[in-house]
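Written below as structure tokens is the structure these notes are about.
The values are calculated or read from the model by the stated rules, or taken from the named source; none is laboratory data. Everything quoted here is computed from the prediction, not taken from an experiment. Cβ coordinates were reconstructed from backbone atoms using ideal geometry, including for glycine residues, and neighbour counts include every protein chain displayed. Heavy atoms of the whole protein, side chains included, go into the accessibility calculation; ligands, DNA and RNA do not. Shrake-Rupley method; radii C 1.70, N 1.55, O 1.52, S 1.80 Å.
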Amino acid sequence: MSDSPTSRVSGWVKYYAATEGRPPRPTLLLALDRFAAEGVRGTAADLGCGDGRDAIELLRRGWRVIGIDSEPVALERLRVRQDLPQAAALDLRGETFEDAEWGQVELVNSSFALPFCPPAAFPALWRKIDASILPGGRFAAQLCGPRDTWAERGMDNRPITFHDEAAARGFLG
């Protein structure tokens, strides 16, 4: 796939079509179940929210969601989803999550999106994520390691951020 804006959009359209209707990610469900057991719900920042596979579950469970994604096609698909709860507290923002500000939240969720943060910008993004999570809050996400298939083939010729186990443990503390 070339790196032109048109090819990136068509690539994302194909991705959203291929993944439409899939359930929320297990990492999110685990975090939400633990919050539910504690009687907690609040605001979640969904970084790289895509077309809403995780955001819909958050909203369904009564959470307020700040959905951040730089792909306009993703945000439009989320806005028109048939399963979007009527009284949804959804704030959609069309920007990169490394540039976005979302304030203090109980949950930061980022399903397979953090690797798209350019490597040079990741340390500042991680500090922002860490500082934004309220006491008792949680972080639910996936990171890519150096043996991930994207390490060899990349994505749209864009740099992808990878962390070996020691580096991930270091910032996850």
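Picking from residues in region 140-173 that are open to solvent by less than 60 Å² (accessible area, probe 1.4 Å) and within 25 Å of T43 (Cβ to Cβ), the one that is modelled with the highest pLDDT is A140.
W12 meets all of the listed conditions (1) modelled with pLDDT of 85 or more; (2) within 21 Å of A100 (Cα to Cα); (3) in a helix (DSSP H, G or I) but one, namely (1).
Scanning region 90-119 for residues that are out of contact with any Leu (no Cβ under 7 Å at 6 or more places or on another chain) and closer than 24 Å to R61 by Cβ yields a total of 7. Within region 105-120, can one find any residue that is open to solvent by 20 Å² or more (accessible area, probe 1.4 Å), farther than 15 Å from D46 by Cα and not in a loop (DSSP other than H, G, I, E, B)? Yes, some residue in region 105-120 is open to solvent by 20 Å² or more (accessible area, probe 1.4 Å), farther than 15 Å from D46 by Cα and not in a loop (DSSP other than H, G, I, E, B). A single member of R53, R60 is basic (K, R), under 27 Å from P118 (Cα atoms) and modelled with pLDDT of 90 or more, and it is R53. When L78, L29 are checked against the criterion of being at pLDDT 95 or above and either open to solvent by 20 Å² or more (accessible area, probe 1.4 Å) or in a loop (DSSP other than H, G, I, E, B) (or both), a single residue qualifies: L29. In region 81-104, which residues are within 19 Å of G11 (Cβ to Cβ) and either hydroxyl-bearing (S, T, Y) or in a strand (DSSP E or B) (or both)? Listed by number, the list holds a single entry, T96.
With the condition kept exactly as written, say whether any residue in region 149-157 is more than 19 Å from Y15 (Cα to Cα) and in a loop (DSSP other than H, G, I, E, B). So far as region 149-157 goes, no, none of its residues is more than 19 Å from Y15 (Cα to Cα) and in a loop (DSSP other than H, G, I, E, B).
If you go through region 57-84 one residue at a time, how many are more than 22 Å from E38 (Cβ to Cβ) and in contact (Cβ under 8 Å) with a residue 12 or more places away in the chain?
15
G67 satisfies every condition listed in (1) at pLDDT below 95; (2) assigned to a strand (DSSP E or B); (3) not hydrophobic (A, V, I, L, M, F, W, C) except (1). The single condition from (1) open to solvent by 70 Å² or more (accessible area, probe 1.4 Å); (2) within 22 Å of K128 (Cα to Cα) that L47 fails is (1). If you check G39 against the conditions, is it under 18 Å from L114 (Cβ atoms) and outside any helix (DSSP H, G or I)? So G39 fails the test. Checking the stated criteria, R53 turns out to be surrounded by 19 or more Cβ atoms within 10 Å (Cβ to Cβ) and in contact with a helix residue (DSSP H, G or I) (Cβ under 8 Å, 6 or more places away or on another chain).
To keep it simple, each residue is scored yes or no on (1) under 17 Å from R25 (Cβ atoms); (2) of a type outside the set (A, V, I, L, M); (3) in contact with a helix residue (DSSP H, G or I) (Cβ under 6 Å, 6 or more places away or on another chain).
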| site | (1), (2), (3) |
| --- | --- |
| V73 | no, no, yes |
| D83 | yes, yes, yes |
| E95 | no, yes, no |
| A113 | yes, no, no |
| K128 | no, yes, no |
| G136 | no, yes, no |
| T161 | no, yes, yes |
